[in-house]
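Report on one structure; see the data block that follows.
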Protein chains: 2
Amino acid sequence: MSDDKSLTLALIQMRVESDPAANRAKAENFLRRAREHGADLAVLPEMFVCPYDQARFPEFAEPLPDGPTGRMLSSLSRELGMAVVGGSLPEQDAAGRVFNTSPVFDTQGRLIAAHRKVHLFDVDLPGMRFFESTTLSAGEELTVFDLSGWRIGLGVCYDVRFPEPWRLMALGGAELMVVPGAFNPVTGPAHWDLVLRARAVENTVYVAGVSPAPTPGASYQAWGHSKLVDPFGEIVASLERQEGLVLGSLDRTRLRAVRKRLPVLDQRRTDLYSIRWSKE
Amino acid sequence: MSDDKSLTLALIQMRVESDPAANRAKAENFLRRAREHGADLAVLPEMFVCPYDQARFPEFAEPLPDGPTGRMLSSLSRELGMAVVGGSLPEQDAAGRVFNTSPVFDTQGRLIAAHRKVHLFDVDLPGMRFFESTTLSAGEELTVFDLSGWRIGLGVCYDVRFPEPWRLMALGGAELMVVPGAFNPVTGPAHWDLVLRARAVENTVYVAGVSPAPTPGASYQAWGHSKLVDPFGEIVASLERQEGLVLGSLDRTRLRAVRKRLPVLDQRRTDLYSIRWSKE
């Protein structure tokens, strides 16, 4: 594997309808298009198989990887020879708990990682009240995986507001952070670009934020505006609110140049402060 | 002291010329105007007494508080009954080391805090090469002080790129972060607003970033764009590149409302990760 190999991402900003089978079919269609356009890694949005509705997550929950969505993603990633970050879906474990989980399949269709959202979305904003914790359990692990010579950190939506896990993953070598997320018309214009770009610049990493497109009539309106941000905070590729797919490539020469010019990861005052994952 | 007392800040975006005495006279003039406009706390920009030139910091260095700048700020804050964050200046300690230090004077003219820049600005960007560490020593302390019922964290310029100290100060109760800083025409448009707003939103605190105005002919051109950001990331008051002064007020009702609606400080997964100041 070449150290300087580029990696082409497809960000899939699909509308999520109420029928999981229809959402899987749409995702499959987008994944095929992503591969036709040359993607090495396709990223689906948060909760791409069912409505983003805390009351209904248990109803739509399925095991991973042996549920209908896991089987579809595994089969398709193997068939297409393309890795897939499966946005997220309500995952039910053997004990009956439900998580907001982002599964990752490699080009052989193997489930190589699964991130259970660590920070649940419990907020009470004007016009936006949402409490995931009423039906979901929270994850307890950082999620980092390697793909085609790139180390990739993974978090889901609200996780991105917390600098700690991203810093820890960057210190562990992550060069790209993938964030399936569904900000909304309140938090989206206020904070979506801000937090994606902040995590990129403070860690000098690429960040890919992938949202559903807003769906007319849905109880929760996603913000859209999926984007790939480079390690200097510049936008490599982006969408607005429409349904669609956009491609963008990681460039290790760019990553190295930014890290040489702005060596913040090396300039941390490790003699003065430390950040630790307690499970280490 | 009332728990709900507002605090009015004046952000002083002055041009810095080559003569320290002239810069002190200009700062004095701005501080008097700030008080006339009702400021409780005035903030001067980074290196407001001398050119921002790493080679010349030792030449302009002075002790604190018993140098010409410290005496001026002490006397004036007492006379005006207004607290002052004295931007920063090259501070020489008894051992002859020079720091980039931000002193804070209360309304009685007492030096109640002094932040020695912890992260020195050593970067090699296209068109922007600067190495503070060739002439400066780095500080080793977090700096938090209390004023009129508000707890305030203080850092200098490059410090703001590192989430760790700001997180630690917020967890220690800081509600306002003050950042005298001099980003430049490369880093300013790319990152100044981003890092100020990121630190505000991730910690739900006010952030005041105060820069010199660019000075024609100077070897280092500051970016300007001083601003006060609220805990939701909204801009309360701002300047562009011109020399001037702007006022903005902190509102504890607003701070509380944002923290209630977006309780990220309480939602940190302290069971999974921790951040520590090693000198604690």
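Look at the stretch B:260-266: the mean tally of other chain Cβ atoms within 10 Å of its residues' Cβ atoms is 4. Ordering of B:84-94, A:73-83 by packing is B:84-94, A:73-83, highest average first (other Cβ atoms within 10 Å, averaged per residue). Remark: relative contact order (the range A:129-199) = 29 percent; criterion is Cα-Cα distance under 8 angstrom and separation of 6 or more residues.
How big is the C-alpha Rg of the range B:157-280 next to the rule-of-thumb value 2.2 N^0.38 Å, as a ratio? Don't skip to the end; give the middle numbers.
Numbers: Rg = 15.6 Å, N = 124, 2.2 N^0.38 = 13.7 Å.
So the range B:157-280 has a normalised radius of gyration of 1.13.
With N denoting the number of residues in the range B:7-261, provide Rg(C-alpha) divided by 2.2 N^0.38 Å, to two decimal places.
This ratio for the range B:7-261 stands at 0.91.
Using a ≥ b ≥ c from the Cα gyration tensor of the range B:51-200 (square roots of the eigenvalues), is it rounded, prolate or oblate, where a/c under 1.5 gives rounded and otherwise the larger of a/b and b/c decides, a/b for prolate? Oblate, because a/c is 1.5 or more while a/b does not exceed b/c.
With the cut-off at 24 Å, tell me which of the pairs A:5/A:117; A:117/A:260; B:5/B:117; A:117/B:260 have Cα atoms farther apart than that. From A:5/A:117; A:117/A:260; B:5/B:117; A:117/B:260, over 24 Å: A:5/A:117; A:117/A:260; B:5/B:117.
Residue B:96 label point (Cα plus 7 Å toward Cβ) to equivalent points in the other copies: 7.5 nm, shortest first.
With all protein chains kept in place, the per residue accessible area of the range A:7-261 amounts to 32 square angstrom at a probe of 1.4 angstrom.
Given N residues in the range A:1-140, what is its alpha carbon radius of gyration divided by 2.2 N^0.38 Å?
Numbers: Rg = 15.4 Å, N = 140, 2.2 N^0.38 = 14.4 Å.
For the range A:1-140, the normalised Cα radius of gyration comes out at 1.07.
Short to long, the 5 Å bins of the Cα pair-distance histogram for the range A:74-121 hold 6, 23, 24, 20, 15, 9, 3 percent of all pairs.
With an 8 Å cut-off on Cα pairs and a minimum separation of 6 or more residues, tell me the relative contact order of the range B:7-261 in percent. Could you put the intermediate results ahead of the total?
On the way: 632 pairs, mean separation 50.9, N = 255.
So the answer I get is 20 percent.
Looking at the square roots a ≥ b ≥ c of the eigenvalues of the Cα gyration tensor of the protein assembly as shown, which shape do they give, rounded for a/c under 1.5, prolate if a/b is larger than b/c, or oblate? In terms of gyration-tensor shape, prolate.
Decide, for the range B:83-170, between rounded, prolate and oblate: order the square roots of the alpha carbon gyration tensor eigenvalues as a ≥ b ≥ c, take rounded if a/c falls under 1.5, and otherwise choose prolate if a/b is larger than b/c, else oblate. Oblate, because a/c is 1.5 or more while a/b does not exceed b/c.
The values are calculated or read from the model by the stated rules, or taken from the named source; none is laboratory data. The structure displayed is predicted, hence computed values, not measured ones. Heads up, the Cβs are rebuilt from the backbone with ideal geometry, glycines too, and the neighbour counts pull from every protein chain shown. Each accessible area value is taken on the protein alone, full model and side chains, heavy atoms only, with ligands, DNA and RNA left out. Shrake-Rupley method; radii C 1.70, N 1.55, O 1.52, S 1.80 Å.
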